[in-house]
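None of the figures in this text is laboratory data; all of them are computed from the coordinates on show. The model shown is predicted, which means the values in this text are computed figures rather than measured ones. Cβ placement follows ideal geometry from the backbone for every residue including glycine, while neighbour counts extend to all protein chains displayed.
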Amino acid sequence: MNCINPFKITQQIAQFKIVFASAGLAGGLMLPASLLSAERVIAAPTPLQLASSQSFSLPASPQPSRVLPVQLLAQRDSNLSDAQEERLADLLTRAQQRIDAGDYPGAIALYEQSLQVDRNNARIYSGIAYLQLKQGNFQPAAEYYRQALDREPRNSPFHYGLAHSLFMDGEFEQAAEAYRDLIDISPRAANAYIGLGGSLLRLEQYDEARSAYERAVYLAPSNAQAYEAIGMLYLSQGNYDEALTPLERALALDSERASVHANLARIWLERENDSRAFDALKRAVALNPEDSDSQYHLGEIFRKRGDVNSALNHFEQAVESNPRLLPAQAALGELLLERQQFLRAIVAYRQLTRAFPEDAGVRYNLGLALWGQGSKNSALDEIQRSLQLYQDQADEAGASRAAALLDVWRN
């Protein structure tokens with residue numbers, strides 16, 4: 001076999017696009033992909049198709065209040081003996097130390113021991129629930145909040161915690177009911193209406209969600225989250241014009257909300273106003289560097305402007321924050337191939353093949369990266385697989401390119 005650098009056979013290969021299946025991407029996403037053309041691996045990117053490519057977070061559920069051991073001590077059972085009170089105080093103090101050290105399972109174990117001393121202490125149940133919630137254990141969190149509510153049924157923070165746990169667990173009908181229970185207790189709690197609206201929105205009960213958000217605005221006209229939620233409701237329906245005013249109002253109330261900047265950027269991108277989108281995205285990632293979607297879209301703008309170094313930086317930050325953000329993995333893979341950073345490109349394309357195992361273009365680019373890295377047998381396997389997929393999909397041009405590359409590499 002001749003050791004031929006695939007990036008030198010450019011006269012035989014043309015540019016093409018791959019269309020990813022809708023599974024795994026918001027609404028289905030068309031992305032540019034690459035074969036070889038005029039000493040370049042990557043075809044020039046097409047304009048960002050925001051309506052199909054950008055994902056965004058729907059309004060979230062308000063976070064529950066934090067309950068710490070120092071608060072639990074004040075809730076001890078007056079019927080405890082002196083020895084029991086001393087034992088309880090020791091356990092809760094040690095639990096606090098475990099929390100400070102970031103050892104939530106250790107703190108939970110000490111809380112469980114505390115319940116053996118004071119089984120009717122609602123705050124201990126809520127403390128366990130809160131730590132379960134912090135670890136993403138939403139079902140146990142909901143159960144412990146229910147135990148706390150059995151002992152203090154009119155405790156608003158416990159209702160918040162239960163509703164939020166159910167919301168995060170995807171139990172939106174139950175979450176909506178929990179928020180309604182909270183509203184019965186605290187009818188002027190704006191955050192309860194925001195949580196209710198978020199639950200209803202995910203149930204696609206848009207009119208009811210909007211009514212809940214409007215009630216939140218009425219109760220708390222200075223609550224930026226309420227205005228943002230209204231704007232995001234309109235965004236979820238593709239109504240960008242209606243979304244702009246409440247989002248701008250939210251920004252005026254709280255200019256440090258990263259999500260508001262990100263969602264305003266979505267509107268500017270939809271309107272093809274890259275300048276304003278760029279400013280909004282820059283602010284969004286400055287406030288929240290973990291916002292992978294904003295990092296990705298900022299990278300796309302930099303790439304359109306020809307600033308490949310900055311584009312690469314933001315694509316890298318996007319996939320570091322969220323390795324499953326497939327558009328960012330695809331964009332990163334393209335730039336890495338262009339720079340002949342093959343090993344890192346392999347990582348990106350491996351991620352994509354797991355999501356789209358039947359995508360011929362992804363297989364083809366993975367083959368290029370493997371060949372460049374020196375894994376020639378694996379590269380040939382991937383190109384052969386891409387050839388078969390192109391043939392199965394009756395893509396004669398793609399099949400011809402894959403066959404031509406195989407012929408060159410094998411001879």
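With an a/c value of 1.5 or above and a/b not larger than b/c for the gyration tensor axes a ≥ b ≥ c computed over the alpha-carbon atoms, region 105-149 is described as oblate. Distance between the C-alpha centres of region 307-343 and region 216-234: 35 Å, rounded to the whole angstrom. Summarised in one figure, the compactness ratio Rg/Rh of region 281-398, Cα atoms and Kirkwood Rh, is 1.04.
Dipole of region 336-411 computed with +1 at Lys/Arg Cβ and -1 at Asp/Glu Cβ about the Cα centre; of Ala397, Ala360, Leu380, farthest Cα towards the positive end is Leu380. Quick one: check the C-alpha center-to-center distance for region 161-175 versus region 237-302, whole angstrom. Each part reduced to its Cα centre gives a spacing of 27 Å. Each peptide in 394-400, 172-178, 196-202, 241-247 gets a packing score, the mean of other Cβ atoms within 10 Å over its residues, and the list from highest to lowest is 196-202, 172-178, 241-247, 394-400.
For region 277-310, the set of trypsin sites (Lys or Arg not before Pro) satisfying both a DSSP loop assignment and a count of at most 16 other C-beta atoms within 10 Å is given as Arg305.
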